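This report refers to the structure that appears directly beneath it.
The values are calculated or read from the model by the stated rules, or taken from the named source; none is laboratory data. Nothing here was measured: the structure is a model prediction, and the numbers come from that model. Every residue, glycine among them, receives a Cβ derived from its backbone with ideal geometry; neighbour counts consider all protein chains shown.
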Amino acid sequence: MGTFGSQAVDDKLKQLLSTPNAPPRTAAPITEVVHDLDVRAQALKVNCRFADLDGVTLYRPVNRDFHDDTWKGRKAITLERLSTDKIVELGTSVFTNLKVNISLKDAAALMVLAFDLRLKDRSSYLFRDEIPEDWETSEDMSLDQVDDKKFLSTTAVPVPPTYHSDDSYEIANGLCFIAASTLRMFTKTADNYEKAFHHILDGYKNLYGLAIPISNIRLGAMSPRLANTYSRREIMKSTLFRLLWSANATIENMSVKSFLYHNHLAYTGLHIVSLFLQCCEVLHVSPSVLIKPLYSNRHKEILADLATLSMDLPSSNQDQHKRKMWMYARIFDEIFFATLQTKKCADLVCIFAHVLQKMDAPNASGIFKIASLDRMSEKFKADLGGRADILIDCVLKLRQNK
């Protein structure tokens with residue numbers, strides 16, 4: 001690949017801005033050009049610990065692609081289909097343990113239980129596909145092989161969950177549902193999970209049509225250590241990768257996926273992407289229409305990356321993007337589209353937040369709690385609110401002129 005300077009970014013964006021309704025593209029056109037930004041990283045090598053210091057500018061390596069099999073062949077927990085009775089036995093044991101202590105085996109058991117979650121039809125699995133044999137490694141561990149040494153304990157007396165049904169299937173699936181809900185702790189804090197717990201239980205009723213027949217099952221004091229185990233142990237991340245790969249065999253059942261984990265794991269740390277796509281929805285325009293009035297010399301590289309992540313990758317017909325694992329790439333690769341981290345484009349994020357609030361988008365009430373926005377002065381936020389008004393007017397005019 002050749003070098004990628006500002007002229008190449010200009011050319012790419014000018015092409016985008018001058019194309020009224022570009023046909024779907026693969027990830028290649030923008031990715032091939034934009035990937036070459038990395039070449040400039042070789043010109044300046046500064047230790048990454050200085051990257052967040054004010055006044056320090058450096059080029060850090062950036063990945064702009066992520067394949068569905070990127071984590072294939074990494075050590076993971078073996079995911080297996082369990083019988084209803086075995087699920088109840090395992091779930092009862094794990095959730096009883098988690099009241100008073102936690103081990104790597106307990107965390108692994110939650111992943112296995114999540115894999116066995118069934119849908120409302122009582123036959124289909126949410127995590128649909130079996131893991132291919134060529135993904136397995138000699139280091140993979142069955143649940144029986146995982147270390148059960150407790151690395152945090154309390155003096156509390158373990159109390160098992162309480163069940164309110166004679167239907168062992170409903171109990172088993174409720175246990176799997178709660179286990180799957182813990183996957184959000186790969187990116188969310190334990191406090192966030194605990195605050196959402198009643199909402200999670202209510203979600204089961206909304207999604208399955210009946211109340212979850214389980215109570216007395218909160219994780220409580222073990223939640224922080226579980227979140228830590230999920231996010232810091234590579235074997236846990238590798239197992240999560242397999243779970244997500246399995247679920248992404250189909251775009252169906254997104255209501256369940258979104259509620260349990262997708263909304264919490266997709267585009268981690270890239271608020272600009274999720275807010276940009278939400279703005280497209282509330283303004284009833286395509287990403288290519290919304291991106292046009294945003295063009296400025298200051299934001300050209302950010303917009304080129306935003307175009308790749310919101311248009312090129314979603315429309316890619318390449319086999320390595322079929323399951324769209326790039327949506328979760330930030331969990332597994334911290335430099336994936338690092339250019340779009342909120343701290344690097346907080347002004348655009350704030351404009352999108354204003355748009356969503358002004359358009360009365362769902363769940364927009366607490367949108368300014370994003371850390372980078374919370375640190376902004378009220379005057380600066382108000383100025384960006386004015387820019388949001390201009391953006392809305394501009395987009396509405398573009399819609400009228402179509």
* Within the stretch 186-194, is there a residue that is part of a loop (DSSP other than H, G, I, E, B), of a type in the set (Val, Ile, Thr) and either outside the structural domain of SER93 (by TED's automatic domain parsing) or touching a residue at least 24 places away in the same chain (Cβ under 8 Å) (or both)? -> yes
* Structure fact -> Subset of the stretch 342-393, residues part of a loop (DSSP other than H, G, I, E, B) and out of contact with any helix residue (DSSP H, G or I) (no Cβ under 6 Å at 6 or more places or on another chain), comes to ASP360, PRO362, ASN363, SER365, GLY366, ARG375, MET376, SER377
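Can you find a residue in the stretch 64-71 that is modelled with pLDDT of 50 or more, within 25 Å of the chain's Cα centre (by Cα) and over 26 Å from ASP134 (Cβ atoms)?
Keep residues of the stretch 64-71 that are modelled with pLDDT of 50 or more, which gives 64-71.
Narrowing the set further to residues that are within 25 Å of the chain's Cα centre (by Cα) leaves 64-71.
The next check asks that each one be over 26 Å from ASP134 (Cβ atoms); those that pass are 64.
Yes; the residues of the stretch 64-71 include at least one that is modelled with pLDDT of 50 or more, within 25 Å of the chain's Cα centre (by Cα) and over 26 Å from ASP134 (Cβ atoms).
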* Can you tell me which of HIS284, HIS264 is surrounded by fewer than 21 Cβ atoms within 10 Å (Cβ to Cβ) and farther than 20 Å from HIS354 by Cα? -> HIS264
* To do: Test LEU219 against the criterion of being modelled with pLDDT under 95, farther than 21 Å from ARG74 by Cα and surrounded by 18 or more Cβ atoms within 10 Å (Cβ to Cβ), and give yes or no.
  => yes
* To do: Can you tell me which residue among ILE251, ILE212 is touching a Leu at 6+ places or on another chain (Cβ under 6 Å), outside any helix (DSSP H, G or I) and without any contact (Cβ under 8 Å) to a residue 60 or more places away in the chain?
  => ILE212
* Evaluate the following for PHE336: is it among the aromatic types (Phe, Trp, Tyr) and in contact with a strand residue (DSSP E or B) (Cβ under 7 Å, 6 or more places away or on another chain)? => yes
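Residues are listed down the side, and each one gets a yes or a no for (1) without any contact (Cβ under 8 Å) to a residue 60 or more places away in the chain; (2) hydrophobic (A, V, I, L, M, F, W, C); (3) in contact with a His (Cβ under 8 Å, 6 or more places away or on another chain):
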site	(1), (2), (3)
ASP347	yes, no, no
GLN357	yes, no, no
ALA364	yes, yes, no
ILE370	no, yes, yes
LEU373	yes, yes, no
MET376	yes, yes, no
LEU391	no, yes, no
* Go through (1) of a type in the set (Lys, Arg); (2) at pLDDT below 95; (3) not assigned by TED's automatic domain parsing to the domain that holds ASP166 one by one and return the number of the condition LYS75 breaks. => (2)
* **Selected residue (only one of ALA27, ALA41 is among the aliphatic types (A, V, I, L, M), in contact with a His (Cβ under 9 Å, 6 or more places away or on another chain) and modelled with pLDDT under 50)** => ALA27
* Asked: If you check ILE235 against the conditions, is it in the same structural domain as ALA180 (by TED's automatic domain parsing), closer than 24 Å to ILE370 by Cβ and of a type in the set (A, V, I, L, M, F, W, C)?
  -> no
* In the list ILE291, ILE272, which residue meets the criterion of being surrounded by 21 or more Cβ atoms within 10 Å (Cβ to Cβ), over 19 Å from the mean Cα position of the chain (by Cα) and in the same structural domain as MET359 (by TED's automatic domain parsing)? -> ILE291
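Looking at the stretch 265-290, which of its residues are of a type in the set (A, V, I, L, M, F, W, C) and without any contact (Cβ under 8 Å) to a residue 60 or more places away in the chain?
LEU277, CYS280
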* Selection status of GLU334, among the acidic types (Asp, Glu) and not in a helix (DSSP H, G or I) -> yes
* Is it true that some residue in the stretch 325-338 is among the acidic types (Asp, Glu) and at pLDDT below 95? -> yes
* Out of THR96, THR92, THR155, which single residue is assigned by TED's automatic domain parsing to the domain that holds ASN216, polar (S, T, N, Q) and in a loop (DSSP other than H, G, I, E, B)? -> THR155
* **Scan of the stretch 148-167 for residues that are modelled with pLDDT of 95 or more and surrounded by 11 or more Cβ atoms within 10 Å (Cβ to Cβ), ordered by number** => PRO160, PRO161, TYR163, HIS164, SER165, ASP167
